């Protein structure tokens, strides 16, 4: 019998980037990279474990924009071309490094990886990787949860409750349609929580969400088990708190694994290093050097003189680190079980893209960890939040603190000098969308199309990714453009609808460009029955 | 001992891996660049405001509130007309009311309030209320030269988040104090940072 439980949560998200108007769009590559380096390797890990009969549990949030991209025909077609070209490059690399023993092994590794990725993508799952995640969920080893429809930042959008209803409602609808059942849990974007917003989660049948450690620790009433058991909000929805120890182990510069000198170096990509004429077909068509995904060096140390990557050594380190992680969890659980009167739960959420994209050996680490937990000990067991709630259906009730897992722990990242200007526009647009939803409760024909598209444009404008990019400041031009474009398109549709001058041709253009959520129910934006606190004006 | 790949062209120098830049913010999100074609695409500007005659507030963290407002030209003229020449000499303020625990706020029954002087050109402001776990309401107002206060618009309510462990203990959900001490000393300090933030960011 285990003494305690570990819930590994992978949060997979990409902003919705799809540009049918351009044959090559740089930012779409990030989707291709994530698929090749993270999602497919994770699928391979799950396949391997299932084939070997290993019992495990992973929780994974796949955000609606990501689900939409994985199931989009255009992006599937573009990925197919991308991986085919990557295999071509890998084959050239195998040839080029033929006489170089330090790189040839690594070149062969990439070729094999990309061929397997292509087979998995094309043959095994018919170009739709969501089929894989659904399969693992149906097998009972993976629990997929949802997230805000466009990863909107709830505490700041929530001035207009309708926005939260739409973010959650549209997400739940999409999940239900694509996964074949309703979602049980939700990953709040950035763990952004305001006391009380769980009532909206409850409206859509969601049973649990996550907050950062201090969100739980600073709850209205002291949590008996700290972050090591969930609490119920007054709505009855459960809140799980992040464990800081496991985050540090994996992410910390000083204490974490991914910086190990034997691991693959992210920055030495051949897209930047090799002869221009050779690499030209595999970088940006206008000649701009970009990442290809093929890198030959290991971190080596704090030096620019990087040494050649050795896949065997990388794999060996991943095993060591998996063992170390598990050992620390055993000690942690033993400590907690000793002072608790129930089995403690450690909740360890990570950005999914850490595994494979940033930390090349991440998926290997994960697989080793899962196997070791299953076979090498019996102190801890993997579990999903849903299962823990079944084991412990009675929990303390309190109100978690408004919080996020962003820098400084509250809302500042998304509300500061670079991005605060968006909120008057987002709030106004939400108000207008509610107005439209109330005016036209039963729309048909072009009116229905326009209302749906207006809802899409507003949701896309609400993406917290834009505010985040504006804050980090790196090439924030794209983020500003997306915000302004979607708001502009929304306002145009609002006026066309309100004044009965819908332009079907413009509508078709927008439907083609911003095609997320084909079945969107605009009525999720219907006005809420507000409680006190409405603005009063003279 | 280890040979590097032969490179014909000039390389951009690789980023040095150090404590400060193991992971950069832009790597979590795409390095956003526009292909040349899009440079010429028209980016629409958003309106300056919506003339709503409203003020909206949002708590940013335990000590700060953000407010934005938009008063129409028409409304300002009407106020100017009502209050005469004294209006333009009046002081623009934000009146911050602590309305914690007040179920119906009538403008006069706040726990306390204070004024922050702003300026005529501002359309938004960050107010340092300085106290977590309180509920606030804010007026956009003016103080005439004779001290009279005029409310121009009143905001929604917002509340500042908690930033400490509560002293409230649920008697049905308690560990013995020795165990609680052990638990809390293991959990602290709470860093409140995302998985992506625990790496020091490279500053741009």
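The values are calculated or read from the model by the stated rules, or taken from the named source; none is laboratory data. Nothing here was measured: the structure is a model prediction, and the numbers come from that model. Backbone-built Cβ (ideal geometry, glycine too); neighbour counts: all protein chains shown.
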By residue number, the members of region B:130-156 that are surrounded by fewer than 21 Cβ atoms within 10 Å (Cβ to Cβ) and more than 19 Å from residue B:80 (Cα to Cα) are B:130, B:131, B:132, B:133, B:134, B:135, B:156
Here's a check for you: in region A:340-374, which residue that is surrounded by fewer than 21 Cβ atoms within 10 Å (Cβ to Cβ) and away from every other protein chain (no Cβ under 14 Å) is nearest to the chain's Cα centre (by Cα)?
A:371
Any residue in region B:164-179 that is more than 7 Å from every other protein chain (Cβ to nearest Cβ) sitting within a Cβ distance under 8 Å of a residue that is modelled with pLDDT of 95 or more and surrounded by 12 or more Cβ atoms within 10 Å (Cβ to Cβ)? List the pairs, counting only those 6 or more apart or interchain.
B:167/A:222; B:172/A:396
Among the residues of region A:96-143, what is the count of those that are under 21 Å from residue A:294 (Cα atoms) and in contact with a strand residue (DSSP E or B) (Cβ under 8 Å, 6 or more places away or on another chain)?
3
List the number of the failed condition for residue A:245; all other conditions in (1) more than 23 Å from residue B:183 (Cβ to Cβ); (2) modelled with pLDDT under 95 hold.
(1)
Give me a count of the residues in region A:9-26 that are closer than 23 Å to residue A:352 by Cβ, facing chain B (nearest Cβ under 10 Å) and out of contact with any helix residue (DSSP H, G or I) (no Cβ under 7 Å at 6 or more places or on another chain).
2
Could you figure out which of (1) surrounded by fewer than 22 Cβ atoms within 10 Å (Cβ to Cβ); (2) part of a helix (DSSP H, G or I) isn't true of residue A:418?
(2)
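Can you find even one residue in region A:97-116 that is within 30 Å of residue A:519 (Cβ to Cβ) and either more than 14 Å from chain B (Cβ to nearest Cβ) or outside any helix (DSSP H, G or I) (or both)? It would help to see each step written out before you state the result.
Here is the first cut: in region A:97-116, the residues within 30 Å of residue A:519 (Cβ to Cβ) are none.
Within region A:97-116 (the criterion being within 30 Å of residue A:519 (Cβ to Cβ) and either more than 14 Å from chain B (Cβ to nearest Cβ) or outside any helix (DSSP H, G or I) (or both)), the answer is no, since none of the residues qualifies.
Out of the residues in region B:65-74 that are out of contact with any strand residue (DSSP E or B) (no Cβ under 6 Å at 6 or more places or on another chain) and surrounded by 16 or more Cβ atoms within 10 Å (Cβ to Cβ), state the one that is nearest to the other protein chains (Cβ to nearest Cβ).
In the first step, residues of region B:65-74 are kept if they are out of contact with any strand residue (DSSP E or B) (no Cβ under 6 Å at 6 or more places or on another chain); the result is B:70-74.
From what's left, surrounded by 16 or more Cβ atoms within 10 Å (Cβ to Cβ): B:70-71.
Values: B:70: 7, B:71: 10 Å.
Top of the filtered list is B:70.
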Counting residues that are modelled with pLDDT under 95, which helices (runs of 4 or more DSSP H) fully inside region A:1-71 reach at least 2?
A:28-34
Is it the case that some residue within region B:91-108 is within 21 Å of the chain's Cα centre (by Cα), facing chain A (nearest Cβ under 10 Å), more than 30 Å from residue A:30 (Cα to Cα) and in contact (Cβ under 8 Å) with a residue 12 or more places away in the chain?
yes
Scope region A:376-416; condition free of Cβ contacts under 8 Å to residues at least 12 places away in the same chain and more than 9 Å from chain B (Cβ to nearest Cβ); matching residues
A:390, A:393, A:394
